[in-house]
Amino acid sequence: MSSAATSRLVVGDRFRDFAEAVGAETFSGLARSLDAGDLDALQGPVRVVTGQGVGEFEVSYLRDAITRRQLDEHVVLVHSTGEPARRQELHKAREDNVLVAGLTQIDDSTYEAQLRLHDHNELLVDVQDRVHVQGMVAVEAARQMFLAVIERYFTARWPQQRYYIVLNSMNTTFSNFLFPVGAVLRLTLDESDLSEPSRLTIRTTVEVEQAGRVAAGVTIDAAAFAPGLLEDKELRRAKSAVASAVDAALATG
């Protein structure tokens with residue numbers, strides 16, 4: 001990082017290829033530079049903007065390193081992200097895998113959030129060896145956005161019930177590459193029927209927008225069922241699947 005720079009981008013280590021391609025920093029690279037005193041001669045101020053893979057945990061470390069080197073007036077971290085969606089809204093057990101943050105209702109049919117991509121997200125840990133982020137991240141982000149909106153703004157009207165949400169279809173169109181920097185998740189409510197609390201039907205379109213362009217659009221058609229409506233059918237289908245699998249194995253054995 002040179003003293004001539006006025007702004008830089010730092011991303012998670014998982015996005016090393018992206019950082020090298022665009023001249024950005026990785027979290028570990030910036031941390032090493034700070035700890036080694038490589039930035040002590042900066043005249044600044046240099047604004048360091050955080051991209052994907054750099055969360056509050058990493059930002060706290062960088063801020064401490066900046067303070068230790070007495071660079072608070074020279075290196076300014078710019079980190080803005082909303083509160084991650086809650087576990088009960090996303091049906092996710094690990095915070096690493098939460099892709100939705102700062103969920104907000106814009107109007108009666110529009111909801112927005114920020115894409116939040118942890119460096120150890122389940123979709124990245126196997127392989128992330130391209131400059132762009134793989135398309136499955138956009139698909140999963142759209143799915144999580146749908147769940148978060150449905151749980152927070154729709155099924156929450158009946159707090160005594162814990163709904164089962166069943167996806168009927170997800171149709172995805174990719175328009176542009178998605179990169180590991182800030183992106184907006186925008187959900188538009190296309191159609192809904194909430195007249196029967198035991199069975200809600202909802203159709204939405206979720207767009208993943210970055211730098212003013214839509215990277216992906218996902219149309220989701222789903223239903224939310226009150227407890228008790230699906231268990232019997234699910235159990236019957238499960239038993240049928242087991243019987244079919246056993247019969248097929250015996251026939252080929």
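The values are calculated or read from the model by the stated rules, or taken from the named source; none is laboratory data. Worth saying up front: this structure is predicted, and the values here are computed from it rather than measured. Using ideal geometry, Cβ is built from the backbone for each residue, glycine included, and neighbour counts are taken over all protein chains shown.
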message = Quick check on my filter: what residues within the range 50-76 are among the aromatic types (Phe, Trp, Tyr) and closer than 16 Å to residue 14 by Cα?
response = 57
inquiry  = Among the residues in the range 175-189, are any of a type in the set (Gly, Ala, Ser), part of a strand (DSSP E or B), out of contact with any Gly (no Cβ under 6 Å at 6 or more places or on another chain) and outside the structural domain of residue 16 (by TED's automatic domain parsing)?
reply    = no
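Conditions (1) exposed (fewer than 14 other Cβ atoms within 10 Å of the Cβ); (2) assigned by TED's automatic domain parsing to the domain that holds residue 164; (3) within 30 Å of residue 189 (Cα to Cα); (4) in contact (Cβ under 8 Å) with a residue 40 or more places away in the chain, marked per residue:
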{"site": "21", "(1), (2), (3), (4)": "yes, no, no, yes"}
{"site": "35", "(1), (2), (3), (4)": "yes, no, no, no"}
{"site": "41", "(1), (2), (3), (4)": "yes, no, no, no"}
{"site": "64", "(1), (2), (3), (4)": "yes, no, no, no"}
{"site": "94", "(1), (2), (3), (4)": "yes, yes, yes, no"}
{"site": "99", "(1), (2), (3), (4)": "no, yes, yes, yes"}
{"site": "109", "(1), (2), (3), (4)": "yes, yes, yes, yes"}
{"site": "112", "(1), (2), (3), (4)": "no, yes, yes, yes"}
{"site": "115", "(1), (2), (3), (4)": "no, yes, yes, yes"}
ask   = Are any residues in the range 208-237 more than 18 Å from residue 167 (Cβ to Cβ) and out of contact with any Phe, Trp or Tyr (no Cβ under 9 Å at 6 or more places or on another chain), and if so, which ones?
value = 209, 212, 213, 214, 228, 232, 235, 236
task = Name the residue, out of 247, 221, 193, that is outside the structural domain of residue 103 (by TED's automatic domain parsing) and surrounded by fewer than 18 Cβ atoms within 10 Å (Cβ to Cβ).
result = 247
Every residue from the range 105-131 that is touching a strand residue (DSSP E or B) at 6+ places or on another chain (Cβ under 6 Å), farther than 23 Å from residue 192 by Cβ and part of a loop (DSSP other than H, G, I, E, B) = 116
ask   = Can you pull out the residues in the range 153-189 that are among the charged types (D, E, K, R) and under 22 Å from the mean Cα position of the chain (by Cα)?
value = 186
key: Residues satisfying the stated conditions in the range 34-63, i.e. over 18 Å from residue 182 (Cβ atoms) and not in a helix (DSSP H, G or I)   = 36, 37, 38, 39, 40, 41, 42, 43, 44, 45, 46
message = Is it the case, given these coordinates, that residue 149 is outside the structural domain of residue 26 (by TED's automatic domain parsing), within 25 Å of residue 212 (Cβ to Cβ) and either in contact with an Asp or Glu (Cβ under 6 Å, 6 or more places away or on another chain) or not in a loop (DSSP other than H, G, I, E, B) (or both)?
response = yes
query = Within the bounds of the range 3-17, is there any residue that is in a helix (DSSP H, G or I), within 30 Å of residue 134 (Cβ to Cβ), in contact (Cβ under 8 Å) with a residue 60 or more places away in the chain and touching a helix residue (DSSP H, G or I) at 6+ places or on another chain (Cβ under 7 Å)?
reply = yes
key: Members of the range 93-104 that are part of a strand (DSSP E or B) and within 15 Å of residue 181 (Cα to Cα)   = 100, 101
ask   = What number of residues within the range 64-91 satisfy the criterion of being closer than 30 Å to residue 167 by Cβ, in a helix (DSSP H, G or I) and aliphatic (A, V, I, L, M)?
value = 1
ask   = Going by the conditions given, is residue 208 touching a residue at least 60 places away in the same chain (Cβ under 8 Å), β-branched (Val, Ile, Thr), within 17 Å of residue 149 (Cα to Cα) and crowded, with 18+ Cβ neighbours inside 10 Å?
value = yes
query = at pLDDT 95 or above and of a type outside the set (Lys, Arg), is that true of residue 27?
reply = yes
ask   = Restricting attention to the range 190-222, and to residues there that are of a type in the set (Ser, Thr, Tyr) and in a loop (DSSP other than H, G, I, E, B), which single residue is nearest to residue 54 (Cα to Cα)?
value = 198
